[in-house]
Amino acid sequence: MESTRTLIIGLGQLGCQLINDVDKHSVEKFDLVCALDDDKSKKKVADTFGFIDFGSTNELETKVEELKIDYVILAITNASARFLNDIIYRCLKLEVKTRYVTDEHAKIDEFEYFNTPITKKNLKNLKEFKLSENDLDEKEGAVLVTGGAGYIGNHLVRDLLNDGYEVIVLDSFIFGNSALSDLRDDPRLKLINGSIENIRDVFNSVENVRYVIALAAIVGDPACSLDAKNTMIINYESTKILVEACNYYGVEKLVFASSCSVYGASLEGSYLDEESTLNPVSLYARTRIFSEKYILDNAINFSPSILRLSTVFGFSKRMRFDLVVNLFTVKAIVDKSIEIFGGNQWRPFVHCKDVAKAFKTVALADENIVRGQIYNVGDESLNFTIDQVGDLLKTILPQTSIKSTGDIDDPRNYKVKFNKIKNDLGFKTDYDLESGIKEMIQEIYKNKSLENYQDQIYSNLLTFKEFNLKN
Ligand SMILES: NC(=O)c1ccc[n+]([C@@H]2O[C@H](COP(=O)([O-])OP(=O)(O)OC[C@H]3O[C@@H](n4cnc5c(N)ncnc54)[C@H](O)[C@@H]3O)[C@@H](O)[C@H]2O)c1
């Protein structure tokens, strides 16, 4: 364990008690390098404890720099508030980690979480919390799905309920909640109408769950480019709140929905894997990358995993016709024609039910395998150019006319490998493009309202445009 070069300010009773605690419990990670006290007679105390250096508080800046101090502990009990604030301000300017310790907190257990985020468990000794052991250890088997009313989310919620899990959905129901209406009477399903940007909603949702699956977001490049500030708040800043809540409650796993669009406009003709260079071409993809990194860097008290999804297709009770395969399918039925821009672009595809299966697989997998891992979700056989998708549709619905132009509407271009999820977890997709398209055709024939594919409800761009106008 690397030691932390520590400077302590104040060698009074509190400072000495802290040092004794460190010695007694042989907490090796705190290397007590220097003590500062304006009472020069305290040098003897510093020598007794074996400090390398001693000085007065006006030497703070010099000592921190010269002795390469990582951590400053303020153990001052009888100083004026003004003096104390001045020292804290100087520490902040030095950009050194600082901890102000009061009498009450001068316990060795405090050391254990100096460098960790605040968790419910490590606050258990504070009298204000008065937690019972049950409060700490009682972890239900429940799963939180943020964005559970969405295109992918409603499949996942249904799957989890079928497998006997309790499910909590945190969703702002931007597209309504009709995708979950058939499940409304299930006592194991709890719907929370709230936002992932609201700290209270997030903490209330995470409090009693074991697994968290994070799907809520502004989804897709066009919807994300409507309002950059809002996109950053929902798709990135909110991730920090979720991470903080997962650390605080010590959930078992957080599985986060990212996207293969992080690979963006790949120049390499070869297949990309999880180690490949990222080349995002949109704010949406950037917010996925920022969130991935934040989660992996800050998951202290839970196991994080990231799933980079291929472009999803297939029928869902919350239908999206702003996804290329779905749009082509409905247009082939309704208009009997489709337009293709940039038909040479490669894209991996995956069915929405297979995505739901992937989330479940990773959430329930052995933590030692999935902790800190990024997985592409899809199958190598599902890499297609946009032209190939058009050709397939024409074979299924031969009356379709295809207008192809060389213009590139969307610069994303990538072929992706999926060996990692297959090898680590035995994950296989159940749907190919043809079976997914045929299923969609049946559903559109059954439900004529789906033919109104230009309706705002099927488009994330149009729905968020309207939503932003109202809010
Ligand atoms: N569909 C795809 O092709 C695809 C591809 C790659 C990654 N993904 C990722 O999968 C996840 C789910 O995508 P989807 O296709 O189901 O999208 P979707 O738009 O159908 O679902 C998103 C859900 O999140 C909810 N939501 C949005 N903002 C919210 C907020 N502030 N608070 C709470 N809920 C909010 C919406 O109401 C909706 O129910 C997203 O994170 C997306 O980035 C999707």
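The values are calculated or read from the model by the stated rules, or taken from the named source; none is laboratory data. Model, not experiment: these values are computed from the prediction. Neighbour counts are summed over all protein chains in view; Cβ atoms, including those assigned to glycine, are modelled from backbone coordinates with ideal geometry. For accessibility, only protein heavy atoms count, side chains too; no ligands or nucleic acids. Shrake-Rupley method; radii C 1.70, N 1.55, O 1.52, S 1.80 Å.
Quick check: anything in region 403-412 in contact with a Leu (Cβ under 9 Å, 6 or more places away or on another chain) and either open to solvent by less than 50 Å² (accessible area, probe 1.4 Å) or in a strand (DSSP E or B) (or both)? Within region 403-412, not a single residue is in contact with a Leu (Cβ under 9 Å, 6 or more places away or on another chain) and either open to solvent by less than 50 Å² (accessible area, probe 1.4 Å) or in a strand (DSSP E or B) (or both). Note on region 138-177: residues that are more than 15 Å from the ligand (Cβ to nearest atom), of a type in the set (A, V, I, L, M) and surrounded by fewer than 24 Cβ atoms within 10 Å (Cβ to Cβ) total 2. For Thr57, the test of being at negative phi, of a type outside the set (Asp, Glu) and loosely packed, with under 14 Cβ neighbours inside 10 Å is failed.
Taking Val255 as the residue in question, decide whether it is within 10 Å of the chain's Cα centre (by Cα) and either within 12 Å of the ligand (Cβ to nearest atom) or assigned by TED's automatic domain parsing to the domain that holds Ile152 (or both). In short, yes. Within region 346-364, does at least one residue satisfy the condition of being at positive phi, away from the ligand (no atom under 13 Å from the Cβ) and of a type outside the set (A, V, I, L, M)? Within region 346-364, none of the residues are at positive phi, away from the ligand (no atom under 13 Å from the Cβ) and of a type outside the set (A, V, I, L, M). Any chance region 180-201 includes a residue that's open to solvent by less than 20 Å² (accessible area, probe 1.4 Å), near the ligand (Cβ under 9 Å from one of its atoms) and assigned to a helix (DSSP H, G or I)? For region 180-201, residues open to solvent by less than 20 Å² (accessible area, probe 1.4 Å), near the ligand (Cβ under 9 Å from one of its atoms) and assigned to a helix (DSSP H, G or I): absent. Evaluation of Thr329 against the conditions (1) at pLDDT 95 or above; (2) in a loop (DSSP other than H, G, I, E, B); (3) not small (Gly, Ala, Ser) shows that the sole unmet condition is (2).
The lone criterion from (1) of a type outside the set (A, V, I, L, M, F, W, C); (2) surrounded by 18 or more Cβ atoms within 10 Å (Cβ to Cβ); (3) not in a loop (DSSP other than H, G, I, E, B) left unmet by Glu439 is number (2).
Of the residues screened, Thr62 is not one that is open to solvent by 60 Å² or more (accessible area, probe 1.4 Å) and either of a type in the set (Phe, Trp, Tyr) or in a loop (DSSP other than H, G, I, E, B) (or both).
In region 215-244, the residues that are free of Cβ contacts under 8 Å to residues at least 40 places away in the same chain reach residues that are open to solvent by 20 Å² or more (accessible area, probe 1.4 Å) with C-beta atoms within less than 6 angstrom, at least six apart or across chains, in these pairs: Ile233/Glu197; Ile234/Glu197.
When region 52-78 is filtered for residues that are hydroxyl-bearing (Ser, Thr, Tyr) and over 18 Å from Gly15 (Cα atoms), only Thr62 remains. Evaluating Asp21 against the criteria (1) closer than 27 Å to Asn301 by Cα; (2) modelled with pLDDT of 95 or more leaves one unmet condition, (2). For Leu392, the conditions (1) more than 21 Å from the chain's Cα centre (by Cα); (2) under 24 Å from Pro222 (Cα atoms); (3) surrounded by 15 or more Cβ atoms within 10 Å (Cβ to Cβ) all hold with the exception of (2). Scanning region 346-385 for residues that are surrounded by fewer than 23 Cβ atoms within 10 Å (Cβ to Cβ) and closer than 21 Å to Gly314 by Cβ gives Trp346, Lys353, Lys357, Lys360, Thr361, Glu380, Ser381, Leu382, Asn383, Phe384, Thr385.
Elements of the type helices (runs of 4 or more DSSP H) sitting completely within region 210-323 and holding at least 1 residues that are closer than 28 Å to Ser181 by Cβ and open to solvent by less than 10 Å² (accessible area, probe 1.4 Å): these cover 221-224, 238-249.
Residue-wise test of (1) outside the structural domain of Glu292 (by TED's automatic domain parsing); (2) among the acidic types (Asp, Glu); (3) touching a residue at least 40 places away in the same chain (Cβ under 8 Å); (4) under 23 Å from Ala332 (Cα atoms).
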site	(1), (2), (3), (4)
Ala358	no, no, yes, no
Ile369	no, no, yes, no
Val377	no, no, yes, no
Glu380	no, yes, yes, no
Gln388	no, no, no, yes
Leu393	no, no, yes, yes
Pro398	no, no, no, yes
Ile402	no, no, yes, yes
Lys415	no, no, yes, no
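Screening region 332-342 for residues that are outside any helix (DSSP H, G or I) and surrounded by fewer than 18 Cβ atoms within 10 Å (Cβ to Cβ) and picking the one that is modelled with the lowest pLDDT gives Phe341.
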